[in-house]
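The values are calculated or read from the model by the stated rules, or taken from the named source; none is laboratory data. Quick caveat, the model's predicted, so the values are computed rather than measured. Cβ placement follows ideal geometry from the backbone for every residue including glycine, while neighbour counts extend to all protein chains displayed. For the accessible areas, the whole protein counts, side chains as well, though only heavy atoms, and no ligand, DNA or RNA atoms are used. Shrake-Rupley method; radii C 1.70, N 1.55, O 1.52, S 1.80 Å.
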Amino acid sequence: MKILLYNPDNGVTRNFMPHLWMFLLQALTPPGHEVILIDGNAKAMDDDEIVQFVRENNIGLVGIGAMTRMVAKAYRVASAIRAAGVPVVMGGPHVTECPDEAIGRDGGPRYADAVALGEADETWPLIVEDAARGELKEVYQPERDEKGVDRKPSLQPYPSIPWEHLDLNQFSLVPKMFRSTLSGMGAGWGSFHVVPLETGRGCPYGCEFCTVTGFFGDSIRFRTNESVVDELLRLKERARKQRGQIAVFFIDDNLAINIKRTKSLLRDIIKANAQLPWVAQISANLLRDEELVDLIAESGGQWIFIGMESIDPANMADVNKNFSKPGEYGAVLARLAQRNVYAITSFIFGMDNDTTGVAERTLNEIHSWPPGLPVFGQLTPFPATPLYDRLAKAGRLARPKHWMDFAPFWMAHTPLKMTIQEARQETDSAWRASYSPERNAEAINAIKDSPFRYRLSHLVSRLFFRGIYFPQMNKRAWMKLIFQNRRPILGLSREAFAMWRSSRKNKKVVEGEPAAVMNHQKAA
Ligand code: B12
Ligand code: SF4
């Protein structure tokens, strides 16, 4: 049977990285079936094109995964595929949190033939075999323990994702027109992939707005260091062979949740020379440890995503995130910056203690820190979270099924001390100020003493991160952006050119050296 795994785009911005679930389920598919992956973020297709693809390729089962934000699109695509007579199974966080919605058990329309609830590592092979026999069940759920809680799959052993053979063409971040020229350059930039890799699952913290503790559980399961190192080595080898670049996103919700184990993993990565540039999520409280930060830098860590949420401790207490202390954010970022590691700092506006002016107050604080990549979202009640339940009980949900009419940056409930419109304006002004050409130039200038490659990575990342809020999906938008930011771009280009010239000169001198020595010998 041919299986298509499809991940919908959110219709606003593109993801820079493919989703791990697709590669994982592909690796877990029983032999004898062919699995094709399409990520709407990389390969934009409308509903008709997807249906046509399914028909032309004789697909026998379509699997669709979706976060809440993309679920309306996922339902639409699923309905179109089902109308063409091909069964659809849906999985991922949203259908797990609203299990009845996708299969029409809530009285609404039916979008999928089957749903896979929770972690599907063990149910996926059963789904495939049932579908191949034409006996798909409605609901697939992991076995449960005596307390009625899902038995979570162990990550030991962990399936080997065959990165060395997979066709990753649709996921390369280098535009086609530049690929052949760039592959000839020094370290080789013919392709650039950010690849997701997990080393563990679960989070004990239980922040009020988050689905992770409910979905993956509050105890953590880790892969062995050996299996992570092996995956990194295979990725590194692939980058070398294709004369391209690969960076890794450790998608664990908190890579350093067990500091002792993280240090041991990072040491093993260094020992095996398996370093690739990497990004990971780590909470601020765990970044107090100097030795950990040293190991992060030495093992290839470049950017750390920190869920700072708010600079107001009252807000942090409201959402059960007291373990993260706004007062120490500056010191944490300085500790990272000393090692040329920078942070993606994530903030949430529209919390219950936020008032108008929250953007300005937050920006003033951010400007006192080493530069990073700030991102701003709004408090969103995802289904099945304690936040959703609290707001529903208090009658505060303005759009209880906000995912069915997804509106980016438009809150689904009214914060206590400002309006939805005000929260929108605060978010808007924070994004504008953080990624204005002036701020971009200022940020690069603030790290003028750090080596060239960090400044280049910082500027390129800034230009991309701006796109999370300001859609920059076509060539025109990019040209405009480059023009507006010409000052730091030209500065870095001049420096790169000077470095290239001096490296050529040095090469000539070195190449000329044996001849000079020979001449000298002759003269003697
Ligand atoms: C990496 C990541 C991202 C990446 C992008 C996703 C990517 N390319 O991988 C980035 C950083 C860009 C991102 C952004 C956002 N993210 Co995010 N992200 C994650 C993270 C940390 C890991 C995802 C992952 O790979 N997990 C590991 C895999 C193995 O688990 P999984 O995806 O759940 O898949 C398993 C099962 O669900 C199931 N499954 C999944 N799909 C399917 C499909 C089928 C057919 C079947 C059978 C089974 C199945 O099988 C898998 C194996 O068991 C998760 C948290 C988490 N730990 O999962 C949050 C998470 C998915 N993100 C979340 C959110 C809210 C966001 C944002 C909206 C945040 C924001 N405010 O901007 C944005 C939206 C992005 C967008 N495109 O619009 C929420 C989603 C909650 C929800 N109900 O929707 C999560 C759960 C985190 C949270 N705090 O609650 N994210
Ligand atoms: S926000 Fe981060 S720390 Fe809090 S529960 Fe979710 S994954 Fe854990």
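Which of the residues belonging to the stretch 238-258 are open to solvent by 40 Å² or more (accessible area, probe 1.4 Å) and farther than 17 Å from Asn169 by Cα? Those that are open to solvent by 40 Å² or more (accessible area, probe 1.4 Å) and farther than 17 Å from Asn169 by Cα: Ile251, Asp253, Asn258. Would you call Val174 modelled with pLDDT under 95, among the β-branched types (Val, Ile, Thr) and closer than 25 Å to Asp9 by Cα? In short, yes. Residues in the stretch 300-317 that are open to solvent by less than 40 Å² (accessible area, probe 1.4 Å), within 16 Å of ligand 2 (Cβ to nearest atom) and not aliphatic (A, V, I, L, M) were compared, and the one that is nearest to Ile447 (Cα to Cα) is Gly307. From the list Leu286, Leu295, the one residue that fits, being at pLDDT 95 or above, over 15 Å from the mean Cα position of the chain (by Cα), away from ligand 2 (no atom under 12 Å from the Cβ) and of a type in the set (A, V, I, L, M, F, W, C), is Leu295. For beta carbons closer than 7 Å, sequence separation of 6+ or different chains, a first residue in the stretch 318-334 that is over 23 Å from Pro370 (Cβ atoms) and open to solvent by 20 Å² or more (accessible area, probe 1.4 Å) and a second that is within 16 Å of ligand 1 (Cβ to nearest atom) and of a type outside the set (Asp, Glu), the qualifying pairs are Asp318/Met351; Asn320/Gly206; Asn320/Cys207; Asn322/Met316.
Scanning the stretch 227-236 turns up no residue that is in a loop (DSSP other than H, G, I, E, B) and touching a Phe, Trp or Tyr at 6+ places or on another chain (Cβ under 9 Å). Contact map, the stretch 206-231: first residue within 22 Å of Arg144 (Cα to Cα), second residue part of a loop (DSSP other than H, G, I, E, B) and open to solvent by 40 Å² or more (accessible area, probe 1.4 Å), Cβ cut-off under 6 Å, separation 6 or more or different chains; pairs are Thr211/Phe382; Val212/Asp253; Gly214/Ala384; Gly217/Lys152; Asp218/Pro204. Say we look at the stretch 375-408 and pick out the residues that are at pLDDT below 95 and of a type in the set (A, V, I, L, M, F, W, C); which of these is most open to solvent (accessible area, probe 1.4 Å)? Restricting to residues being at pLDDT below 95 and of a type in the set (A, V, I, L, M, F, W, C), the top hit is Phe406.
The helices (runs of 4 or more DSSP H) falling completely within the stretch 277-370 that include 3 or more residues that are closer than 30 Å to Leu391 by Cβ and aliphatic (A, V, I, L, M) map to 313-318, 358-367.
Please determine whether any residue of the stretch 247-254 is within 15 Å of ligand 2 (Cβ to nearest atom) and modelled with pLDDT under 95. Scanning the stretch 247-254 turns up no residue that is within 15 Å of ligand 2 (Cβ to nearest atom) and modelled with pLDDT under 95. Just one of the numbered conditions (1) without any contact (Cβ under 8 Å) to a residue 12 or more places away in the chain; (2) under 22 Å from Ala317 (Cβ atoms); (3) more than 15 Å from ligand 1 (Cβ to nearest atom) is not true of Arg432: (2).
Selection within the stretch 208-222: residues that are open to solvent by less than 40 Å² (accessible area, probe 1.4 Å) and more than 8 Å from ligand 1 (Cβ to nearest atom). The member of this set that is farthest from Ala239 (Cα to Cα) is Glu208. The condition of being among the aliphatic types (A, V, I, L, M) and away from ligand 1 (no atom under 16 Å from the Cβ) does not hold for Leu255.
Considering (1) without any contact (Cβ under 8 Å) to a residue 60 or more places away in the chain; (2) at negative phi; (3) surrounded by fewer than 20 Cβ atoms within 10 Å (Cβ to Cβ), the lone condition that Gly372 does not fulfil carries the number (3). Looking across the stretch 122-138, the residues that are open to solvent by 50 Å² or more (accessible area, probe 1.4 Å), touching a strand residue (DSSP E or B) at 6+ places or on another chain (Cβ under 9 Å) and not in a loop (DSSP other than H, G, I, E, B) come down to Leu126, Ala132. Only residues that are out of contact with any strand residue (DSSP E or B) (no Cβ under 6 Å at 6 or more places or on another chain) and either modelled with pLDDT under 95 or of a type outside the set (A, V, I, L, M) (or both): list them for the stretch 71-86, please. Once the filter is applied, which keeps residues that are out of contact with any strand residue (DSSP E or B) (no Cβ under 6 Å at 6 or more places or on another chain) and either modelled with pLDDT under 95 or of a type outside the set (A, V, I, L, M) (or both), the stretch 71-86 yields Lys73, Tyr75, Arg76, Ser79, Gly85.
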